[in-house]
Amino acid sequence: MKVLKSKRTDNTINLEIEISLDDLESKMDGAFKKVSKKASLPGFRKGKVPRKLFEREFGKEHIIQEAIYDSVNDTYKSAIDELKLKVIDYPKDVDIDEYKEGKTIKYRCNVDVEPEIKLKKYKGLKVEFKEKKASDDDLQKEIDVLVGMHATYESVERESKTDDIVRFHAKATIDDEPFELWSRENQASRLGVNNYGEQFDQELTGLQKDDKKSFTVTYPDDFKTAEVAGKTVAFDVDVQEVRERILPELTDELVKKIDKECETVKALKDKVKEDLDKRHETENKQQKEQVVFDALIEENNFELPQSMIDQEVNTSLMQFEYSIRQQGMDINQYMQITNKKEDDLRNDMKESSEKRLKIRKIFEAIVEKEKIKVEDSDLQAEIDSWNHETIKTIEDVEQSKTHDISLLKNNLIDQKVRDFVIDSAKIK
């Protein structure tokens with residue numbers, strides 16, 4: 001095998017490879033065994049026809065074509081190894097010369113490879129980022145939610161308003177056909193929650209017991225109830241009751257019902273404040289990373305092969321399908337509910353997939369340039385942080401069936417390079 005040409009254009013390598021006579025001849029016996037498996041002649045069992053007789057009866061062309069196919073496969077792999085190419089897809093535009101007895105065979109193909117990263121600026125990136133902190137209003141909203149879980153409702157003789165529960169009989173039709181799902185007696189909905197859509201709640205606001213009203217609601221294409229998405233529903237509503245939401249006073253006694261770990265109002269507020277601060281800390285870290293990594297891509301941007309993007313989108317879609325199944329739903333049900341097709345999901349994932357790939361490739365280049373490594377001490381420190389009952393050492397991880405030492409090393413390398421980029425950034 002000889003590589004006659006290896007020309008790179010962007011992220012595609014154009015190869016021309018020569019198959020030697022020895023390479024081709026070495027494949028002939030194996031090729032004959034493959035093509036003769038189903039061959040039969042009088043006096044011979046299927047697959048047991050001698051080669052000379054097979055060639056005389058069926059011709060040598062089938063053997064030659066199979067041998068060429070095997071030779072192309074093997075020499076292509078050898079060429080990839082020899083050139084140390086990081087191939088990301090099957091070869092394209094394969095063009096094989098016509099076979100001529102006693103002559104070598106040449107073939108050409110194009111193959112997509114991973115992009116070459118030429119690092120520019122990755123240390124000291126200048127970005128602007130303002131951390132969010134929990135305000136008194138944020139704290140009060142959290143407390144209100146907890147208190148609201150213990151709210152009671154009392155029947156009132158007045159017009160309905162936001163947060164009231166309205167109990168009603170309803171007849172719903174779509175194109176003059178009954179819509180059974182929403183045609184029921186004694187339905188109830190809390191105004192402002194928009195169970196039947198924001199417009200529906202607006203139509204019910206201001207009504208009181210014994211009021212009747214007919215109206216239509218046109219639902220957006222992405223409405224959560226798939227049966228009405230993109231459709232207009234006509235309603236005939238008969239209000240049976242308006243119930244007012246009564247919030248209890250926040251006392252030490254109520255606090256004990258809200259959270260068994262807290263004895264006083266102050267203790268509850270302190271705990272909620274601590275949880276809020278932790279949540280903001282996590283969000284700030286994620287958003288700060290995103291700002292810095294966006295700047296990193298901007299400073300070191302490059303084109304990705306479409307096949308590489310497609311593979312990453314495929315992986316993202318598989319992971320999404322798995323997470324959906326964990327929630328007891330399959331992807332088809334999800335698409336029906338969200339009124340989306342698979343192409344829509346792929347388009348939704350494309351931008352994040354491209355960013356993820358670019359960051360990954362830039363990180364690899366930084367690791368190589370900065371010679372970032374994971375030492376045994378790093379591995380052991382991570383293992384210690386697990387506080388695992390049986391896995392205490394690196395050797396334990398290597399022998400474990402549930403942990404992968406290579407994956408652990410890769411994760412630690414990834415965290416190191418992330419910290420390297422973030423710590424060196426100049427954040428205003």
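If only residues of region 1-20 that are hydroxyl-bearing (Ser, Thr, Tyr) and not in a loop (DSSP other than H, G, I, E, B) are counted, the one that is most open to solvent (accessible area, probe 1.4 Å) is Thr9.
Here are some residues: Lys369, Lys358. Which one is within 30 Å of Phe302 (Cα to Cα), surrounded by 16 or more Cβ atoms within 10 Å (Cβ to Cβ) and modelled with pLDDT of 95 or more? Write out each step before concluding.
On the way: Lys369 fails: surrounded by 16 or more Cβ atoms within 10 Å (Cβ to Cβ).
On inspection, the qualifying residue turns out to be Lys358.
Would you pick out the residues in region 206-235 that are open to solvent by 80 Å² or more (accessible area, probe 1.4 Å) and in a strand (DSSP E or B)? Hits for region 206-235 are Lys212, Ser214, Thr218. Within region 236-250, which residues are surrounded by 14 or more Cβ atoms within 10 Å (Cβ to Cβ), part of a strand (DSSP E or B) and among the hydrophobic types (A, V, I, L, M, F, W, C)? Val237, Val239, Val242 - these are the residues of region 236-250 that are surrounded by 14 or more Cβ atoms within 10 Å (Cβ to Cβ), part of a strand (DSSP E or B) and among the hydrophobic types (A, V, I, L, M, F, W, C). Of all residues in region 373-388, those satisfying the criterion of being surrounded by fewer than 16 Cβ atoms within 10 Å (Cβ to Cβ) and of a type in the set (A, V, I, L, M, F, W, C) are Ala381, Trp386. Among residues of region 157-180 that are touching a residue at least 60 places away in the same chain (Cβ under 8 Å) and open to solvent by 60 Å² or more (accessible area, probe 1.4 Å), those with a beta-carbon under 6 Å from a residue that is among the aliphatic types (A, V, I, L, M) and assigned to a strand (DSSP E or B) at least six positions away or on a different chain give the pairs Arg167/Ala188. Among Asp270, Asp252, Asp310, Asp238, which is charged (D, E, K, R) and either under 30 Å from Val87 (Cα atoms) or touching a Gly at 6+ places or on another chain (Cβ under 8 Å) (or both)? Answer to the check: Asp310. Residues of region 84-142 that are within 30 Å of Phe293 (Cβ to Cβ), open to solvent by less than 100 Å² (accessible area, probe 1.4 Å) and assigned to a strand (DSSP E or B): Val87, Val111, Asp112, Val113, Val127. Against the conditions (1) of a type in the set (A, V, I, L, M); (2) open to solvent by 30 Å² or more (accessible area, probe 1.4 Å); (3) at pLDDT 95 or above, Val193 satisfies every one except (3). Considering Asp112, Asp163, the condition of being of a type outside the set (Gly, Ala, Ser) and on the phi > 0 side of the Ramachandran plot is satisfied by Asp163 alone. Would you tally the residues in region 21-79 being in a loop (DSSP other than H, G, I, E, B), open to solvent by 30 Å² or more (accessible area, probe 1.4 Å) and either within 18 Å of Asp97 (Cα to Cα) or in contact (Cβ under 8 Å) with a residue 12 or more places away in the chain (or both)? Residues meeting the conditions: 3.
The values are calculated or read from the model by the stated rules, or taken from the named source; none is laboratory data. Owing to the predicted nature of the structure, the values given are computational and were not obtained by experimental measurement. FYI the Cβ positions are ideal-geometry reconstructions off the backbone, even for glycines, and counts take in every protein chain you see. These area figures cover heavy atoms from the full protein model, side chains too; ligands, DNA and RNA do not enter into them. Shrake-Rupley method; radii C 1.70, N 1.55, O 1.52, S 1.80 Å.
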